[in-house]
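Chemist: Can you keep this structure in mind? I'll have questions shortly.
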Amino acid sequence: MMGNSTPALRVLSVATSYPRSTDDWQGLFIQRLVDALATRDSLQASLWAPPGPLAAGVTWAGTEADAQFLTALAGGGGIAHQLRQQKIRGGLRALELLRRLRALYRRSDHELIHVHWLQNALPLLGLGRRAVVSVLGTDFAMLKLPGMVTALRRVFASNRCVLTPNAPWMAPELERHFGDLASVVPVNFGIDDVWYSLEQETPESGQDWLCVSRVTEGKIGDLFDWGGDVFHDDRRLTLVGPNQGGLTIPGWVNYQGSATPRDIASAWFPRATGLVSLSRHAEGRPQVMLEAMAAGLPIVASSLPAHLATISDGETGFLVDSRGAFVDAMNRLDDPGLRLELGARAREKARHDFGLWSDCAHRFEQVYRSLL
């Protein structure tokens with residue numbers, strides 16, 4: 001209860017990605033956010049997502065059939081992956097997902113629905129609900145599909161909605177498409193406390209740079225093409241993440257495959273010299289970059305909008321748009337003093353701009369209350 005008389009606001013969070021175990025990385029940010037929401041006395045949190053660990057106070061909102069469907073969906077790599085790999089089967093799965101969401105939204109008696117990803121908002125059409133719709137960078141590819149903007153406009157016209165991109169760079173386009181129908185309020189995600197408490201270990205020799213990423217063509221970007229001239233015995237690169245794209249990984253890369261978030265925090269981040277990402281993949285704001293900043297690591301990254309919104313070039317890391325710029329950034333970071341300076345600024349920026357997941361839950365509750 002909130003005080004002695006005001007009942008807690010009942011919020012239903014909806015997502016199609018969620019950790020299936022304590023060692024799973026898929027949809028980990030959803031779990032962290034819902035866990036933080038559940039700690040607030042002023043909120044009562046429910047969740048509809050692939051079955052996984054639930055914090056005390058979080059209620060599962062699905063049926064047994066929903067659980068079976070979502071488990072299969074997550075086991076197949078998620079709806080976006082299935083649509084890319086198996087268009088017909090993926091399309092049927094997408095239709096079934098929309099049908100189940102429609103039934104969920106109709107039976108829900110929650111005062112507010114928090115929908116993650118734009119496509120999961122489509123079944124709200126005509127229901128007259130209050131909804132917060134979190135928008136991630138991957139949603140922008142969907143907006144390019146024929147008729148999608150029109151369909152979403154109909155959804156937002158028939159419900160009271162706030163769109164919450166997790167990075168400010170997405171706001172102008174969302175305003176252009178939907179600003180006359182829904183408010184657009186960027187909301188920064190939080191960061192686990194464990195990353196702020198990490199202490200860096202000094203390697204016995206050379207440097208150990210880290211890339212934490214799904215291995216796909218878009219996520220790897222130019223790393224394999226540009227890195228062969230940059231990394232060597234004294235400046236090593238470790239790559240951690242599942243090879244979902246079946247890419248051939250060069251021999252100079254120390255590839256470790258998948259790892260749990262716990263392993264990444266305990267085994268890889270403390271010994272890392274810095275983080276590298278030359279991704280071309282559309283995303284809002286990479287959580288691993290926020291974690292690297294909190295851990296005091298400098299970052300070298302491609303000049304994507306998501307990276308531009310996260311890294312202060314020359315202050316918390318370097319943004320590069322060519323092989324030459326990448327080589328220059330890595331050479332400049334051979335200076336341990338500069339690495340320490342950029343890392344300290346990155347940690348301070350992380351504390352100020354993002355804070356903890358409890359701070360993120362507070363930011364979202366302010367948005368929830370604005371809808372009431």
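We did not get these values from a lab; they are worked out from the coordinates using the rules stated. Please read all numbers here as calculations on a predicted model, not as lab measurements. Note: ideal-geometry Cβ built from the backbone for every residue, glycine included; neighbour counts use all protein chains shown.
Chemist: Taking the simple approach of a point 7 Å from Cα along Cα-to-Cβ for both A344 and Q366, what is their distance in nm?
Modeler: 3.0
Chemist: Round to the nearest 0.05 the FRET efficiency obtained for R262 and E217 when R0 = 30 Å and r is the Cβ-Cβ distance.
Modeler: Numbers: r = 28 Å, r/R0 = 0.94.
After rounding to 0.05, the efficiency reads 0.60.
Chemist: For segment 38-168, what relative contact order do you get, as a whole percent, if you take Cα pairs closer than 8 Å and at least 6 residues apart? Mind showing how you got there, number by number?
Modeler: Values: 144 pairs, mean separation 21.2, N = 131.
Taking the mean separation of contacting Cα pairs over the length of segment 38-168, I get 16 percent.
Chemist: Hey, another quick one. Pulled fully out, how much extra length does the chain show between L98 and S358, if you take 0.36 nm times their separation in residues and subtract their Cα-Cα distance? Mind showing how you got there, number by number?
Modeler: Working: separation 260, 0.36 × 260 = 93.60 nm, distance 3.09 nm.
Additional length available on full extension: 90.5 nm.
Chemist: How big is the Kirkwood radius of segment 193-353, worked out from every pair of different alpha carbons and given in Å to one decimal? Don't skip to the answer; put the middle values down first.
Modeler: Values: mean 1/r = 0.0647 Å⁻¹.
About 15.5 Å, per the Kirkwood formula over Cα pairs.
Chemist: May I pose another question? Could you tell me the distance between the Cα centroids of segment 19-66 and segment 309-372, to the nearest Å?
Modeler: With segment 19-66 and segment 309-372 each reduced to a Cα centre, they are spaced 27 Å.
Chemist: Could you tell me what percent of the DSSP beta bridges with both partners in segment 193-353 are antiparallel, to the nearest 5? Working shown, then result.
Modeler: Details: 1 of 20 bridges.
Of all bridge pairs located within segment 193-353, approximately 5 percent are antiparallel.
Chemist: If the viscosity is 1.002 mPa s and the temperature 20 °C, what translational diffusion coefficient in µm²/s does Stokes-Einstein give for the chain when Rh comes from Kirkwood over Cα pairs? Walk me through the numbers on the way to the answer.
Modeler: On the way: Rh = 21.6 Å.
After rounding, the answer is 99 µm²/s.
Chemist: Report the longest stretch of the chain that contains none of the GluC sites (Glu not before Pro) sitting in a DSSP loop with at most 15 other Cβ atoms within 10 Å.
Modeler: Values: sites that count: E199, E201, E204, E315.
In the chain, the maximal stretch lacking such sites is 1-198.
Chemist: Using Cβ contacts closer than 10 Å as the measure, can you line up H281, H116 from fewest to most? Don't skip to the end; give the middle numbers.
Modeler: On the way: H281 20, H116 26.
By the 10 Å Cβ count, ascending, the order reads H281, H116.
Chemist: Distances over 17 Å make up what percent of all Cα-Cα pairs in segment 17-138? Could you put the intermediate results ahead of the total?
Modeler: Details: 4323 of 7381 pairs.
Tail fraction, whole percent: 59.
Chemist: Separation between the D334 and E199 pseudo-spin-labels, each 7 Å from Cα along Cα→Cβ, expressed in nm?
Modeler: Here the modelled spin labels are 3.0 nm apart.
Chemist: Quick check on the chain: helices-only [θ] at 222 nm, where DSSP H runs of length 4 and up contribute -39,500 (n - 2.57) each and the sum goes over total residues. Nearest 500, please.
Modeler: Working: 15 runs with 141 residues, N = 372.
-11000 deg cm²/dmol, from helical runs alone.
Chemist: Can you tell me how much longer the chain between Q244 and R160 gets when fully stretched, taken as 0.36 nm per residue apart minus their C-alpha distance, in nm with one decimal? Walk me through the numbers before you get to the answer.
Modeler: Values: separation 84, 0.36 × 84 = 30.24 nm, distance 3.78 nm.
Taking Q244 through R160 to full extension adds about 26.5 nm, to one decimal.
Chemist: Shifting gears a bit: Between E64 and R107, 0.36 nm times their residue separation minus their Cα-Cα distance comes to what?
Modeler: Working: separation 43, 0.36 × 43 = 15.48 nm, distance 1.51 nm.
My answer for the length gained is 14.0 nm.
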